[in-house]
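Participant: I'd like to ask you about the structure that follows.
Bear in mind that the values in this text are calculations on the coordinates, not laboratory data. Computed from a predicted structure; not experimentally measured. Methodologically, a virtual Cβ is constructed for each residue, glycine included, from the backbone with ideal geometry; neighbour enumeration extends over all protein chains shown.
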């Protein structure tokens, strides 16, 4: 593989590893928000921002952690025959599915950019009592889609290298 492609794969892997390591702590943020919500309701002082904030934290956790889960192989996979195949055959099948995933994520990124642009341009707010601006979560989700797209491309390159018998470590 050309040096530039190997550098791209290593940069994407390293960046997504760092983002994923930081993102995993968002689960504690969400737990703290939900704990505060429960305690405030027990004292009859409910806050109207807690449910939506917890949803935003979970969306950020899910979208920003997606690329890290792809990189480490922690995503869900139907494993009827897959585990019995050779590494080369698994890489070939993974390369085929990566092409479909890249196309899907490309459409998702296009939609995410469009939706984020709209939210910023028109100051879109949620239709709840709290009514927060939507652009911060939309920017976060679009960035997460971009990271997953880059990781999918890096994984495709690694799969093609594995099929050719020259794995990228």
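Participant: Determine, yes or no, whether residue 86 is over 13 Å from the mean Cα position of the chain (by Cα) and farther than 30 Å from residue 51 by Cα.
Facilitator: Yes, satisfied.
Participant: Restrict the check to the range 63-74 and report whether at least one residue is surrounded by 16 or more Cβ atoms within 10 Å (Cβ to Cβ) and farther than 25 Å from residue 112 by Cα.
Facilitator: Residues of the range 63-74 surrounded by 16 or more Cβ atoms within 10 Å (Cβ to Cβ): 63-71.
Now narrow it down to the ones that are farther than 25 Å from residue 112 by Cα: none.
No, the conditions are met nowhere in the range 63-74.
Participant: So which residues in the range 81-98 are in contact with a helix residue (DSSP H, G or I) (Cβ under 7 Å, 6 or more places away or on another chain) and surrounded by 11 or more Cβ atoms within 10 Å (Cβ to Cβ)? It would help to see each step written out before you state the result.
Facilitator: In the first step, residues of the range 81-98 are kept if they are in contact with a helix residue (DSSP H, G or I) (Cβ under 7 Å, 6 or more places away or on another chain); the result is 82, 87-88, 90-92, 94-95, 98.
Answer for the range 81-98, where residues must be in contact with a helix residue (DSSP H, G or I) (Cβ under 7 Å, 6 or more places away or on another chain) and surrounded by 11 or more Cβ atoms within 10 Å (Cβ to Cβ): 82, 88, 90, 91, 92, 94, 95, 98.
Participant: Output the residues belonging to the range 100-126 that are surrounded by 13 or more Cβ atoms within 10 Å (Cβ to Cβ) and either outside any helix (DSSP H, G or I) or more than 16 Å from the chain's Cα centre (by Cα) (or both).
Facilitator: 115, 116, 117, 118, 119, 120, 124, 125, 126, listed by residue number.
Participant: Take the residues of the range 127-169 that are surrounded by fewer than 18 Cβ atoms within 10 Å (Cβ to Cβ) and in contact with a strand residue (DSSP E or B) (Cβ under 8 Å, 6 or more places away or on another chain): which is farthest from residue 1 (Cα to Cα)?
Facilitator: So, considering only residues that are surrounded by fewer than 18 Cβ atoms within 10 Å (Cβ to Cβ) and in contact with a strand residue (DSSP E or B) (Cβ under 8 Å, 6 or more places away or on another chain), the one farthest from residue 1 (Cα to Cα) is 131.
Participant: I need the full set of residues from the range 45-62 which are loosely packed, with under 15 Cβ neighbours inside 10 Å and in contact with a helix residue (DSSP H, G or I) (Cβ under 6 Å, 6 or more places away or on another chain), in order please.
Facilitator: Scanning the range 45-62 gives 46, 47.
Participant: Which of (1) over 22 Å from the mean Cα position of the chain (by Cα); (2) touching a residue at least 24 places away in the same chain (Cβ under 8 Å); (3) closer than 30 Å to residue 162 by Cβ is the odd one out, the single condition residue 4 does not satisfy?
Facilitator: Of (1) over 22 Å from the mean Cα position of the chain (by Cα); (2) touching a residue at least 24 places away in the same chain (Cβ under 8 Å); (3) closer than 30 Å to residue 162 by Cβ, only one is false for residue 4: (2).
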